[in-house]
Every structure is written in structure tokens, then in C-alpha cells.
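To start, the structure itself, in C-alpha cells.
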Amino acid sequence: MKRIIVFLLVLLLALPTSLTAFAAEDQTTIDVYAKCEYTVDGSHHAPIEDGKADVTTDDGTTVSVTDAPEGSLTLMVVPVPETEKEAWKWIEDSLKGKADPVHTFDIHFLDQDGNRIDADGAVVTINCPHCNGIPVVCSLKTDGTVQILNRTDASGTDVMFTTDGSAYYVMAEKLPTSVTDPDSPQTGDNSNLWLWWLLLIISAMGITAICIEQKKHRAIK
């Protein structure tokens, strides 16, 4: 009986040690590698290769970039939809009298850590196949300052410009130049002034000739 009790005690003492050893043998280390990708709702992005990248939005507008800033790994193009009523009202008020906005983009870059790099000095070409009239691109700062950025070598539906670090870039249709009403009174027009002087001189000579002729006629009488 004593031998059985001693055996049971030894077994109970050895059991925790065995469980610990078993648990230690079951533990393993696994290396997990995660890739962090930064996205914004409604955004379009593309990797930068040799300073170049391009994206195409849902409506077929293509935004191509060259000369991306140093350290840029990803091109980000975030359209501002017209459903954002307050934002579009601010855009329209800012461009009032200059152009009618068609598209508005937040164009910027991301570095390897996902930090934002403003598009400053990058050359951008926007192709808008459904834009009418004369397409222009305006930079729009957060304080409402607007500047037309078109380069002279842009043609057709392609508009090329160099970014200036603004918050937004607005693809717009340039307003037509106002035409003066032909029925409105003209002031300060001296384009035919010599003709009026000529008529005045001829009239004066005619009046003088008539006066001399009348004097001769009276003298004869």
C-alpha cells in the first residue's frame, strides 16, 4: 500500500513538469510580413516608374504625370465629384468669370511610408475626350486663388501644365470673350478723325466760295 501511495505522489509531482515540457516544445515562432497600402475613397493610384505614371478615371479622363518629385512612389489622383455640393459651389465661385469647371482633382504623391508629397514641378497632361470648347486647367489654392496653368504646346483634348503645389487642379472650359454690342454708343473712337477734318475743310471752302460769289454778284448790280 505504501508503495502505491509513493508511486502516486511521484506521478503527481512529475505531471506538471511533463506538461510544461510538452507546452514548451509546442511553441513556435512565425515571421509575418505585412504590406501597408494607403487608399482614399474614390481615388485612383499608380506606381511611379522613372518619374512617370498615369491613371484613368471612371469617366475615361486620363491623367499622365512626368517629372514626379524625388521620393515619390505612388501617384494619387482624387476626383472631387459634383455630388459634393458645397465643394463645387466654392470651386464655381472661385472660377467665376474665368472658366466653367468640368473636373476637379487633388493630384499628389505618396512616399514609401505613405506620407503625402505635393505635386510641385511635376508635368501633367490631362486628356478629357468629352470636354467641349477650349479646355484649360486652373490651379486652385485653399484660399481661393486661381491661376491658369496651360502650356502653349497643348492641343485638342490634351491639356499640359506644370503643377505649382496647389491643393486642387480644375479642368475647365474657357469662357468665350465678350463681344461689344454694335448698337451701343461708342466713345473715344478717333480711327477716322482725318476724314472728319477733310469734310470740315471742304465745307469751309464751299461756304467761302459761296460768300465770294454773292459779293461779286452784288457789286455788279
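Cα-based radius of gyration for the stretch 44-174, normalised by 2.2 N^0.38 Å, reads 0.99. Between D59 and W197, the modelled labels are 5.8 nm apart [label points 7 Å from Cα along Cα→Cβ].
The calculated FRET efficiency for the pair D111 and K174, based on their C-beta separation and a Förster distance of 35 Å, comes to about 0.50. Taking every alpha-carbon pair under 8 Å whose residues sit at least 6 apart, the stretch 44-174 reaches a relative contact order of 26 percent.
Structure note, pairs K52/K89; K89/K141; K96/K174; K52/K98: Cα-Cα distances above 21 angstrom occur for K52/K89; K52/K98.
The slack between T162 and D118, meaning 0.36 nm per residue of separation minus the straight C-alpha distance, is 14.6 nm.
No value in this document is a laboratory result; all are computed from the given coordinates. Keep in mind the model is a prediction, meaning the values are calculated, not measured. With ideal geometry, Cβ positions are generated from the backbone for all residues, glycine too; neighbour counts draw on all protein chains shown.
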